[in-house]
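Notes to accompany the following structure.
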Amino acid sequence: MKDAGEVGEVGEGSGSNGNNNGVSKIISAQAGKYIVTVTNEDKTVRVFEAGGLGELSSRTMPKRPCALALTDCDNTLLVADKFGDVYSLPLLPEATPAATPPTTTPKDSEAKRHRTEIAHDLLFTHKLLLGHVSMLTDLASITTTTPEGQKRKYVITADRDEHIRVSRYPQSWVIEGFCLGHGAFVSKVLVPEWAPLEVLSGGGDTWLGRWRWADGKCLQKVEVGGVLEEIVGKRVVGGRESSGAGGGAAEGEGAEGESKDKEEVVKPAVVGIWQVPQRKIIIVAFERIPALLLFTSSPPPDQSLTHHTTIPLPGNPLDLTVDPSTNSFWISLASASSSGEGECPLLQHITLTPNGQWENTTGGDKPAQAAIGQVSGVRYAGDAKVLNDGLLYTTGLLRKGFGKDREE
Amino acid sequence: MSTPTSASPPAKRQKASSGQRTGHRSAYRADPTRQGLPQKKHYRQRAHANPFSDHQLVYPPCPQEMDWSKHFTSTSIEEEEEEEEEEEKRVELADIGCGFGGLIISLPKVLPGVRMLGMEIRTQVTEYVDERIRALRKLEGGEMYGDVGVIRANAMKFLPNFFEKAQLRRVFLCFPDPHFKARKHKARIVSPTLASEYAYVLAPAGIVYTITDVEDLHHWMAKHFDEHPLFERLTGEEVDADVCVAVMRTDTEEGKKVERNGGKKFVACWRRAADPEWVE
Ligand SMILES: C[S@@+](CC[C@H](N)C(=O)[O-])C[C@H]1O[C@@H](n2cnc3c(N)ncnc32)[C@H](O)[C@@H]1O
């Protein structure tokens, strides 16, 4: 499975007729054979055949999906939603109607499991796998093999209340454990291909987490506050609350924070963690911070992460997709000026060179040129504030204390 | 507050400032006839707190970082200097949504020495229970309350922040808020997905106890625990033989209210099964 990014959102939502059914997630399945999308307004998961892009299925979920993953050799889709639940759906409803019922479940737990589903009257095969009383932010699926050759599958879920949960799959009612320690929301998790027993996490803290997910042990807190401070030239403060203890004023305005009397601080919010497996490189982007942070992984058994380089960007990073065959990646950007105006290329293509450097290859990359040509014409017709706070920069809003959730 | 109407003489929900309330409270502290015990009426708060909102809660990032020393006083009223290096006793019992604390105040009589924690989302109610426990510790025979504690917490969200996997032997869900409207069912303290969290904090063979006067809610809880692969229903005899059940029937504030109103109480308990064999 490869995350193909969220590049579609700005363009899709740009119609002046108010059609905001933007594609919020895209993944490809079965080595590129299928494309799976989530659209925001109609809460629908669609599966397309990659060749002709014919729509194979369209399934509307009870709540807005916020993350997708695949398991069972890419035959099952995992859909996490804003209400805290994770469902499994067969990727192709017709081809696998029974959704692979396990045969060795001990006494009646299989029958029990089917009855455990909450009735949502969904007209397609689905299972409610697990739920948090929180907003889910990300999801990862893991398949490992025991020394005896048995497959062990897990689902990792992250939420707005700092939790990273590890559940079995398909016996997802067995919670194996938690990776706890974040002081602010967790917005992204990633299991590196070269370290499948670890999970990396990022969110509203000034550090990234490296965990051994089997027992929840924190292996490393990778500090990023200093690096971010160098980029933004302001103090960077992590943590749970949108203001208060840190004395922050800049929330929701990111690096361009309104100045009050208090010192301006920047609250970090991880928008993405990606990997370049061949190089064992981790790429991290933060909301409204016009740079990418690259980390290298030391050789096993240590495998610790070290900040290696920072790539400055001409705009704020929105999403990224890696082409593992060329060790290059595409990054989608938004103008860093608060009005959303200004000259900013909407796509960049960056190649990692063999000597550990990077090169901006946007100019030389034909597909990149073509794509930039396409998207540069797209302009959001609506209010810049709606665009910024509602569509482009939503991660920082996960932080607590945004009025609506106050008690009494 | 099993039904909003059955709530006792509705102590008109005055929007008293916390300052005023504190005034009342210091008055009872000075009143010698009360022996330092707080009065419920000074700790009224609106009936429901939304379990989905943030509430400015205080909770540890993980169980290892929880400082329990504020909540428990191991053996006696005055701290005895000697018993320092002992390994800290762990909470083994949780009363989720403990309300005014009747259950955890009574349970030490049948479970002496068991460290137990009431968890309650409403601030004033939690404060009342805390004052009550502190006052009881100072009375004659108050040592047993050293292992009784209360904490303000949203147990639906943060159970794994307080307890490690398989830490608890008993979890009580007594007269939970019924949330009658179907749209609000996700706010119920029992759901298929929350049952998995209760299973996570319970040790194998640990027990979850439920009691309610709302028949509908009883069926709801029974359905979800019955259908959960990690829970096995206790038989009628097992339920009757459990020392905690009688206390749960009679000693929670809601239980007493239901008793006064001649209501029916529905009890059901489940045992935490061992984790099953893996399936691929
Ligand atoms: C009807 S009262 C019952 C109180 C007590 N168990 C009794 O039997 O007297 C339910 C209590 O659960 C509390 N509660 C509801 N949701 C909660 C949550 N998520 N975490 C902790 N307490 C909660 C409410 O504030 C209320 O005090």
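The values are calculated or read from the model by the stated rules, or taken from the named source; none is laboratory data. Everything numeric here is computed off the predicted structure, so don't read it as measured data. Because the Cβ atoms are built from the backbone with ideal geometry, glycine has one as well, and the counts that use them run over all protein chains shown. Accessible surface areas use protein heavy atoms only, side chains included; no ligands, DNA or RNA. Shrake-Rupley method; radii C 1.70, N 1.55, O 1.52, S 1.80 Å.
Quick check: anything in the stretch B:212-228 within 16 Å of the ligand (Cβ to nearest atom), surrounded by 23 or more Cβ atoms within 10 Å (Cβ to Cβ) and β-branched (Val, Ile, Thr)? There is at least one residue in the stretch B:212-228 that is within 16 Å of the ligand (Cβ to nearest atom), surrounded by 23 or more Cβ atoms within 10 Å (Cβ to Cβ) and β-branched (Val, Ile, Thr). Filtering the stretch B:165-174 for residues that are within 10 Å of the ligand (Cβ to nearest atom) and without any contact (Cβ under 8 Å) to a residue 60 or more places away in the chain leaves an empty set. Selection within the stretch B:106-117: residues that are in a helix (DSSP H, G or I) and in contact with a helix residue (DSSP H, G or I) (Cβ under 7 Å, 6 or more places away or on another chain). The member of this set that is surrounded by the fewest Cβ atoms within 10 Å (Cβ to Cβ) is B:Ser106. Exactly one residue among B:Ala199, B:Ala182 is crowded, with 23+ Cβ neighbours inside 10 Å and within 13 Å of chain A (Cβ to nearest Cβ), and that residue is B:Ala199. Exactly one residue out of B:Thr252, B:Thr235 is β-branched (Val, Ile, Thr) and farther than 27 Å from B:Val125 by Cα: that is B:Thr235. Of the strands (runs of 3 or more DSSP E) lying entirely inside the stretch A:143-246, those containing at least 3 residues that are under 23 Å from A:Leu294 (Cβ atoms) and either in contact with a helix residue (DSSP H, G or I) (Cβ under 9 Å, 6 or more places away or on another chain) or of a type outside the set (Val, Ile, Thr) (or both) span A:186-190, A:198-203, A:207-212, A:217-223.
Check B:Phe231, B:Phe266 and return the single one that is away from the ligand (no atom under 12 Å from the Cβ), over 17 Å from the mean Cα position of the chain (by Cα) and open to solvent by 20 Å² or more (accessible area, probe 1.4 Å). The match here is B:Phe266. Kindly establish whether B:Val150 is assigned to a strand (DSSP E or B), under 12 Å from the mean Cα position of the chain (by Cα) and of a type in the set (Val, Ile, Thr). Answer is yes for this residue.
Of all the residues that make up the stretch A:215-235, how many are within 19 Å of A:Ala140 (Cα to Cα) and within 21 Å of the chain's Cα centre (by Cα)?
In the first step, residues of the stretch A:215-235 are kept if they are within 19 Å of A:Ala140 (Cα to Cα); the result is A:215-219.
After this cut, where a residue has to be within 21 Å of the chain's Cα centre (by Cα) as well, the list is A:216, A:218.
Of the residues in the stretch A:215-235, 2 are within 19 Å of A:Ala140 (Cα to Cα) and within 21 Å of the chain's Cα centre (by Cα).
All conditions in (1) within 16 Å of the ligand (Cβ to nearest atom); (2) among the charged types (D, E, K, R); (3) out of contact with any Asp or Glu (no Cβ under 8 Å at 6 or more places or on another chain); (4) more than 23 Å from B:Gly118 (Cβ to Cβ) hold for B:Lys256, with the sole exception of (4).
Across the stretch B:118-144, the qualifying residues are those that are within 14 Å of chain A (Cβ to nearest Cβ) and in a helix (DSSP H, G or I), and the one among them that is nearest to the ligand (Cβ to nearest atom) is B:Val125. Within the stretch B:269-280, the residues that satisfy the criterion of being within 14 Å of chain A (Cβ to nearest Cβ) and either open to solvent by less than 60 Å² (accessible area, probe 1.4 Å) or in contact (Cβ under 8 Å) with a residue 40 or more places away in the chain (or both) are B:Trp270, B:Arg272, B:Ala273, B:Ala274, B:Asp275, B:Pro276, B:Trp278, B:Val279. Which ones in the stretch B:104-125 are within 28 Å of B:Ser53 (Cα to Cα) and in contact with a Gly (Cβ under 8 Å, 6 or more places away or on another chain)? Correct list: B:Ile104, B:Met116, B:Leu117, B:Gly118, B:Met119, B:Glu120, B:Ile121, B:Val125. If the condition is being at the interface with chain B (Cβ under 8 Å from one of its Cβ atoms) and over 21 Å from the mean Cα position of the chain (by Cα), then the stretch A:146-167 contributes A:Gln150, A:Lys151, A:Arg152.
I'm checking my understanding of the structure. Among residues of the stretch A:168-188 that are more than 9 Å from every other protein chain (Cβ to nearest Cβ) and open to solvent by 10 Å² or more (accessible area, probe 1.4 Å), which one is farthest from A:Gln275 (Cα to Cα)? Here the answer is A:Tyr169. Of the residues making up the stretch A:44-62, those that are surrounded by 17 or more Cβ atoms within 10 Å (Cβ to Cβ) and charged (D, E, K, R) number 2. Of all residues in the stretch A:253-292, those satisfying the criterion of being at pLDDT below 85, assigned to a loop (DSSP other than H, G, I, E, B) and open to solvent by 20 Å² or more (accessible area, probe 1.4 Å) are A:Glu253, A:Glu258, A:Ser259, A:Lys260, A:Asp261, A:Lys262, A:Glu263. Checked against (1) assigned to a loop (DSSP other than H, G, I, E, B); (2) hydrophobic (A, V, I, L, M, F, W, C); (3) modelled with pLDDT of 50 or more; (4) farther than 21 Å from A:Glu176 by Cα, A:Val133 passes all but a single condition, namely (4).
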